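Q: Can you read through this structure? Questions will come right after.
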Amino acid sequence: MKIVIESTNFCTRWPCYFCDGHTSKTSLLAVAKPESGDNKGERVGDVCEECLKAGPDGMKRRVLEKATAAERYAKDMRTLAERLQGEPIDAPTHEEFVAAKAMQ
Ligand SMILES: [Zn+2]
């Protein structure tokens, strides 16, 4: 993986390719480009300044942390989905919610 600095016309906060962070609103971005594989040399994502500060080993650690958190989240969502299969959901309709908001 190669990280290169590129300029952009879109000064917005982009999600980081490696962690849950975002880039700064700046006209310069650190761009991740694989050095092998089907997408060799292509822009696959942007890298936030915290990952740049962490350095190459820190970037790898942050990707693993993101993967671990995603696995934990997926497990929690699977548990919730399975639990909801066995019980009804007693919820107001959207219309009831909108009417309640209108009466505030
Ligand atoms: Zn990051």
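Rule-based calculations on the coordinates, nothing more; no lab input. In this text, all values refer to a predicted model and were calculated from it rather than measured experimentally. Glycine gets a Cβ as well: all are built from the backbone with ideal geometry, and neighbour counts include every protein chain shown.
Q: State yes or no: is residue 78 assigned to a helix (DSSP H, G or I), among the basic types (Lys, Arg) and either surrounded by 10 or more Cβ atoms within 10 Å (Cβ to Cβ) or near the ligand (Cβ under 10 Å from one of its atoms) (or both)?
A: It is true that residue 78 is assigned to a helix (DSSP H, G or I), among the basic types (Lys, Arg) and either surrounded by 10 or more Cβ atoms within 10 Å (Cβ to Cβ) or near the ligand (Cβ under 10 Å from one of its atoms) (or both).
Q: So which residues in segment 9-39 are part of a loop (DSSP other than H, G, I, E, B), in contact (Cβ under 8 Å) with a residue 24 or more places away in the chain and within 13 Å of the ligand (Cβ to nearest atom)?
A: 14, 17, 18, 19, 20, 21, 23, 24
Q: Can you work out which of the residues in segment 48-93 that are out of contact with any helix residue (DSSP H, G or I) (no Cβ under 8 Å at 6 or more places or on another chain) and of a type in the set (Lys, Arg) is farthest from residue 6 (Cα to Cα)?
A: 83
Q: Another one. Could you check segment 40-59 and list, in sequence order, the residues that are assigned to a loop (DSSP other than H, G, I, E, B) and within 15 Å of the chain's Cα centre (by Cα)? Let's see the steps before the verdict.
A: Going residue by residue through segment 40-59, those that are assigned to a loop (DSSP other than H, G, I, E, B) are 40-44, 48.
Selection gives 44, 48.
Q: Here are some residues: 42, 6, 65, 49. Which one is within 12 Å of the ligand (Cβ to nearest atom) and either among the polar types (S, T, N, Q) or without any contact (Cβ under 8 Å) to a residue 40 or more places away in the chain (or both)?
A: Details: 42 fails: within 12 Å of the ligand (Cβ to nearest atom); 6 fails: within 12 Å of the ligand (Cβ to nearest atom); 65 fails: either among the polar types (S, T, N, Q) or without any contact (Cβ under 8 Å) to a residue 40 or more places away in the chain (or both).
It is 49.
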